[in-house]
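Input: a single structure, listed below in structure tokens.
Read-outs throughout are calculated quantities, based only on the coordinates presented, and are distinct from any laboratory measurement. Small disclaimer: the values here were computed from a predicted structure and weren't measured. Cβ placement follows ideal geometry from the backbone for every residue including glycine, while neighbour counts extend to all protein chains displayed.
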Amino acid sequence: MRSVTSFLLAILVAMFFVLSLISFIWWLVFVYNIVIGDTAVELGMRFATSLTAQISPQQILLMKAREYLVFIGGAVGWSAFLALPHFSSRPFHTLPKLLLASCAIGITAAIVMPAASLFNVAPILAVILTLVRCSLISSASPNGVAQGDTES
């Protein structure tokens, strides 16, 4: 039963991994806008001066900090996301702690992304389902499948 569950989780992870490519492209566009200086704050200061006059400087700083958190946290998170399939056949307790921390940073960056859309859910679900799959793998055998779970 455990191998069937692991197989179904692997199919779901593959599906969400492919859907995550849309989120990756969305994040790249967001980062490109930050690099060239067309962030939401800068556009608001340029074109909606009456609205930005009502916002306090602390709120503007928090909005800029959020954009840079998405930029830096997204870079860390996407690198962990792309490295995660390499480690997906290992038991959970043998996963590198840096990888788990990077996944947590990436999930945080995806949650605080300003244009939070349905596409931001796909990489989060892919990471969570991969970690659940890793927790189902037992460390008893070298190939990651428990000896009692093989079906013939």
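With unit charges on the beta carbons (Lys and Arg positive, Asp and Glu negative) and the dipole taken about the Cα centre of the chain, which residue among PRO96, THR49, LEU9 sits farthest to the positive side?
Final value for the positive-end residue is PRO96.
Give the value in nm², to one decimal: projected area of the alpha carbon convex hull of the chain, averaged over all directions.
Over every viewing direction, the Cα hull of the chain projects on average to 10.4 nm².
What FRET efficiency comes out for the pair VAL132/LEU28, r = Cβ-Cβ distance, R0 = 30 Å, nearest 0.05?
Here the calculated transfer efficiency is 0.60.
Treating only the Cβ of Lys, Arg, Asp and Glu as charged (+1, +1, -1, -1), what charge dipole size does the chain show about its Cα centre? Round to the nearest 20 debye.
The dipole of the chain has a size of about 180 debye.
Would you mind checking the tilt of helix 2-36 against the longest principal axis of the Cα atoms of the chain, expressed as 0 to 90 degrees and rounded to 10?
Once rounded, the angle reads 20 degrees.
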